[in-house]
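Below you'll find the structure, written out as structure tokens, and then a few comments.
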Amino acid sequence: MKYISDISRSVPLFKCLGSEVRIAILEMLSSKGPMRMSDISEELGITPGSLSSHIKMLAECGLIEITFNSGKHGIQRICTIVEEKILIDLEKSGGNKNFYETEIGIGLYSDYDVYPTCGLSTSEHIIGMVDDPKYFSSPERANAEILWFTEGYVEYIIPNYLEEGQAPLELLISFEIASEAPGTREDWPSDIQFSINGIPVCMWTAPGDFGSTPGIYTPEWWDRNWNQYGLLKFLSVNDTGTFIDGVRVSEVSLKNLSIAAGSDIRLNMSVGDTGAHKGGLTLYGHSFGNYPQDIKVRMQYRPEGTENGTEKGREK
């Protein structure tokens, strides 16, 4: 998913989507999967030269990627869709100031219990040895940019900057995540449980441990047979329930989480205790995967002296 938090910086993307031909290309790749440029050209009934400019713009906006395969007729360019969903945060773009944001390094977990296969790494080297859980307690974990495990959990403390009189309206957390297979497996489902303050808010099934192509930010020294990238997911909780990528997935709401000024906010990600698919978990930071971020958090709140976003005692 492509997340747009500043609409003013997304003009190139909107221009890219302002074409019936480019929309048709995206629809085709979404329904049929990776395609050769020659096949796209033939199906759309346009010349290869005309198609090239459209493909170039889609690739520059990060909506598709182009790989090269050798065939009987020479080098073939293969187009694959990268982003199937675009989330535009108009509320944030519109200048709402009643929120705070922070970002948590994936190695800055407050608690863990993991089992092999497992490991963690900085952008320059593996921390300790792979498949040895004791290195998850290494002080160097603060610099980790990727971590993975087959079973267990990691837990993070989310900073709570709410002040007295302020009430939470929505907690939004984004992260790049995948399952964990021996090597990589595109089809390797894993049921991942998300809990906040000890309360299970939802379960999401990661479809695979992706490695067919290198991650955009994954270092060149990283073994090509290891985890390369994940999916960018958005977990949000508000007064009406819990959502993944804007789709309601459970009835657990903010009132169930007991979040207030001075209270703890603990995010737990686990695999293995529940769920049919025990396929592990991989988290990606700034220097791995396809998205240059760690765990991003945004808390929207109601200011002191208001109810439901309006001043007390006054109507809109």
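Nearest 10 degrees, 0 to 90: what angle lies between the long axis of helix 48-60 and the longest principal axis of the chain (Cα atoms)?
20 degrees
Would you mind ranking Ile127, Ile86, Ile146 so that the residue whose beta carbon has the fewest other beta carbons within 10 Å leads the list? List each step's numbers first, then the result.
Working: Ile127 21, Ile86 13, Ile146 28.
With the fewest neighbours first, Ile127, Ile86, Ile146 line up as Ile86, Ile127, Ile146.
Holding the Cα-Cα limit at 27 Å, pick out from Lys56/Lys97; Lys97/Lys233; Lys255/Lys296; Lys233/Lys255; Lys32/Lys296 the pairs that are longer than that.
Values: Lys56/Lys97 37 Å; Lys97/Lys233 24 Å; Lys255/Lys296 22 Å; Lys233/Lys255 23 Å; Lys32/Lys296 33 Å.
Violating the 27 Å Cα-Cα cut-off are Lys56/Lys97; Lys32/Lys296.
Give the residues of region 189-230 whose amide nitrogen is closer than 17 Å to a point set 7 Å from the Cα of Asn69 in the direction of its Cβ.
211-214
Along the three principal axes, how long is region 2-81 when you take its alpha carbons, biggest first, rounded to the nearest angstrom?
Principal extents (Cα only, largest first): 46, 22, 22 Å.
How would you rank Val297, Val237, going from fewest to most other Cβ atoms within 10 Å of each one's own Cβ?
In increasing order of surrounding Cβ atoms, one gets Val297, Val237.
Work out the length of the dipole vector of the chain about its Cα centre, built from +1 on the beta-carbon of each Lys and Arg and -1 on the beta-carbon of each Asp and Glu, and round it to the nearest 20 debye.
820 debye
Taking H placed 1.01 Å from N in the peptide plane, check which residues at least 5 places from Gly241 or on another chain put their amide H under 5 Å from its amide H.
Residues meeting the criterion, in which the H sits 1.01 Å from N, are Leu254.
For the chain, what size does the Cα cloud have along each of its three principal axes, sorted from largest down, in whole Å?
Taking the Cα atoms of the chain, the three principal extents are 69, 56, 35 Å.
Taking the beta-carbon count within 10 Å as an exposure proxy, list Phe175, Phe288, Phe243, Phe99 from fewest neighbours to most. Don't jump to the answer; show the numbers that get you there.
Values: Phe175 24, Phe288 29, Phe243 19, Phe99 16.
Ordered by Cβ neighbours within 10 Å, fewest first: Phe99, Phe243, Phe175, Phe288.
What is the spin-label model distance, in nm, from Asp187 to Thr274 if the labels are put 7 Å beyond Cα along the C-beta direction?
2.8 nm
Laboratory data are not the source of any read-out in this text; all were calculated from the coordinates shown. Computed from a prediction, not measured in an experiment: that's the story for all the values here. Every residue, glycine among them, receives a Cβ derived from its backbone with ideal geometry; neighbour counts consider all protein chains shown.
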